[in-house]
Amino acid sequence: MGGASAVSAENLRRHLRVLTEEIGVRLAGGEGERSAAAYIADEGRRCGAEVRIEPFPVRQRDVTAERVEIQMGGVWKSFPCSLFSNTPGTGGVPVEAPLVFFEAPTEYRRPDLGHLKGRAVVHLGSHIESREHYRRLIAAEPAFLMFVDIRYPGSVPLADGMFPEYTRAIGALPTVNVAYQDAWQWHTDGATAARLTVHGGMRDSESSNVIIDLPGDGDEWIVVGGHHDTQADSIGADDNGTGVIAVLELARVLAGQRRQRGIRLISFGAEEQLSVGSAVYVRRHREAVQQYTRFMWNIDSIGSHMGWTDLIVNGSDAMADWLVARFEERDLWVAPRRAVNPYADHFPFVAAGIPSAFLIRPNCVAGRFFHHRPDDDMSRVSFDLVARILDTSASFLETLATCPELPFPRTVDPELAAQARVYWEDLFGGWHPSGMAASGR
C-alpha cells in the first residue's frame with residue numbers, strides 16, 4: 001500500500017466509542033446525526049484529506065412518547081411500540097379501533113381489502129415492497145397500522161420506517177412496529193381492539209453526506225461508502241458504526257499520496273430511511289458519477305463476532321472473482337452473491353450503472369439478531385475482525401486506484417441492471433428532481 005500504515009483496531013475502537021457512547025442515537029435529521037457528521041468531517045481533515053459536507057432535506061422522526069394499548073378479555077393492557085419514520089403520530093390523542101390481523105405474505109392476494117377500513121391492522125410483515133400493495137393498503141383506510149417484523153420473532157419492538165417515496169406519493173397513516181411475541185399474545189388471547197397514542201411524529205429537518213476526498217492525478221474515482229445514521233433508540237454500533245469507522249480508518253491508511261484515480265470516501269446520511277443520502281448524492285452528481293466513477297465499495301454492518309461475511313456483487317463475474325480472490329489471499333472467506341439489494345447505499349450507484357459491491361456480516365439467516373435494537377452496542381463488534389477486513393479492503397482499493405486498467409469491466413450484468421431499474425422506479429421514484437442541486441465531480 002505504498003508505505004501506508006496498517007489498519008489499527010484501537011483507532012476503530014476509539015471512533016466507535018465516540019459514535020455510540022458519546023454521541024449515541026443518530027436519527028436522520030437529528031442532533032446526534034449532525035454531531036456524527038461533524039466528527040467524521042473533523043477526522044477526515046485530521047488525516048489531510050479534502051472534506052466537504054453536502055446537506056439535503058429530510059423528514060426527521062421526532063417522538064416524545066408512544067404507546068399501544070390492547071383490549072383482551074375486556075381489559076386494556078399497554079405494550080411498547082416504535083413509530084415508523086415517514087409516518088404521522090396521533091397528535092397525542094388516543095386512536096381506538098377494532099383489531100384485525102393481516103397476513104401480508106398472502107393476503108395482498110385478496111381482490112378487495114375493504115375489511116380493513118377503520119380497523120387497527122396488525123400487519124404480519126416488516127416491509128411493503130410493492131408500491132401497488134401500499135397504495136391498496138392506504139386506500140382501504142385503516143385507522144392505524146401495527147407492523148410485526150416476521151424476520152425476528154423477539155420480545156422487543158424493532159425500529160423501522162416507511163419508504164419516503166411511497167409516503168410522498170401516496171400518503172401515510174400512523175404506523176408503529178410492535179414486538180412479534182406481543183402480537184402472538186394478542187392473537188392467542190383473542191384481542192378485540194387496539195388504541196394507539198403517539199406524541200410527536202415527523203418534521204422537516206436536514207441531513208448530510210460527508211465526503212472525504214483523496215484526489216488522484218486523473219478525473220476517475222473509486223468510491224467507498226458507509227452511513228452514519230441509526231434507527232430510533234439504537235446507537236447502531238454495528239449498523240452502521242462499523243461502516244463509519246471503516247471510512248475513517250481507510251481515509252487515514254490511504255491518505256498521503258497521489259494515485260492515478262482518486263479515492264472518495266462518503267459517509268451517507270439518512271440510509272435508514274431507504275438510502276436517502278446516497279440517492280441524493282447520485283441524483284445530484286449523476287453526470288459526474290456516470291462519467292467518472294469506476295467502482296463503488298459499500299460497507300455496512302461488518303462487525304459481528306459470530307457469523308459469516310456476505311459479498312453482494314452488482315457487476316460482472318470477473319469483478320466478483322477478483323474481489324473474492326483478494327479476500328482469500330488473506331485467509332478471509334466471503335460468500336459472493338449476485339443479487340440486487342435496494343436496501344443499502346451502493347444501490348443508487350447500481351441504478352446509475354456503476355459496478356458496485358456491498359459487504360455485510362449476518363449472524364442469523366434473517367440478518368443480525370440485534371437488528372435495529374437498543375442493544376446494538378460495542379459488545380457486538382469484533383474490532384480485530386473489522387481490522388482484517390479493512391486491511392484487505394485498503395489493499396485492493398490501492399490496486400484499483402493505481403493500476404493502468406481496472407481488472408474487471410465497468411459494467412453491471414444486464415439482468416441485474418434490469419432488476420435495479422424496477423426497484424429504482426418503484427421504491428425510489430426514479431430520477432425525479434427531489435433533493436437535487438448543482439452537479440459536481
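Details
- Subset of the stretch 232-284 (residues that are touching a strand residue (DSSP E or B) at 6+ places or on another chain (Cβ under 8 Å), assigned to a loop (DSSP other than H, G, I, E, B) and at negative phi): ALA232, ALA255, ARG259, ARG261, GLY269
- Test for ALA335: is it surrounded by fewer than 23 Cβ atoms within 10 Å (Cβ to Cβ), closer than 30 Å to MET378 by Cβ and without any contact (Cβ under 8 Å) to a residue 40 or more places away in the chain: yes
- Among the residues of the stretch 23-59, those that are buried (at least 22 other Cβ atoms within 10 Å of the Cβ) and either among the hydroxyl-bearing types (Ser, Thr, Tyr) or in contact with a Leu (Cβ under 8 Å, 6 or more places away or on another chain) (or both) comprise ARG26, GLU33, ALA36, ILE40, GLU43, GLY44, ALA49.
- Unmet requirement for ASP317, which otherwise passes all of (1) surrounded by fewer than 24 Cβ atoms within 10 Å (Cβ to Cβ); (2) more than 21 Å from VAL412 (Cα to Cα): (2)
- Among the residues making up the stretch 146-166, those that are assigned to a strand (DSSP E or B) and in contact (Cβ under 8 Å) with a residue 40 or more places away in the chain are MET146, PHE147, GLY161.
- Test result for PRO164, farther than 29 Å from ILE299 by Cβ, in contact with a strand residue (DSSP E or B) (Cβ under 9 Å, 6 or more places away or on another chain) and not assigned by TED's automatic domain parsing to the domain that holds VAL386: no
- Residue count, the stretch 346-375 (criterion: farther than 16 Å from ARG294 by Cβ, in contact (Cβ under 8 Å) with a residue 12 or more places away in the chain and in a loop (DSSP other than H, G, I, E, B)): 11
- Among the residues making up the stretch 247-261, a single one is small (Gly, Ala, Ser), more than 14 Å from ALA41 (Cα to Cα) and at pLDDT 95 or above: ALA255.
- Any hit, the stretch 125-143, residues being in a strand (DSSP E or B), in contact (Cβ under 8 Å) with a residue 40 or more places away in the chain, farther than 21 Å from LEU427 by Cβ and assigned by TED's automatic domain parsing to the domain that holds GLY73: no
- Given (1) touching a residue at least 60 places away in the same chain (Cβ under 8 Å); (2) farther than 24 Å from LEU427 by Cβ; (3) surrounded by fewer than 23 Cβ atoms within 10 Å (Cβ to Cβ), number of the condition ILE212 does not satisfy: (3)
- Among the residues of the stretch 28-80, those identified as in a loop (DSSP other than H, G, I, E, B), under 26 Å from ARG17 (Cβ atoms) and among the small types (Gly, Ala, Ser) are ALA28, GLY29, GLY30, GLY48, ALA49.
- Checking ALA169, ALA183, ALA191 one by one, the residue that is among the aliphatic types (A, V, I, L, M) and crowded, with 23+ Cβ neighbours inside 10 Å is ALA183 and no other.
- All positions within the stretch 169-200 that are in contact with a strand residue (DSSP E or B) (Cβ under 9 Å, 6 or more places away or on another chain) and at positive phi: GLY190, GLY200
- Members of the stretch 157-209 found to be β-branched (Val, Ile, Thr) and either under 19 Å from LEU99 (Cα atoms) or touching an Asp or Glu at 6+ places or on another chain (Cβ under 7 Å) (or both), listed by number: THR175, VAL176, VAL178, THR188, THR192, THR197, VAL198
- Count of the stretch 285-329 residues which are of a type in the set (Lys, Arg) and in a helix (DSSP H, G or I): 2
The values are calculated or read from the model by the stated rules, or taken from the named source; none is laboratory data. Keep in mind that this is a model prediction, so the values were computed, not measured. Note: ideal-geometry Cβ built from the backbone for every residue, glycine included; neighbour counts use all protein chains shown.
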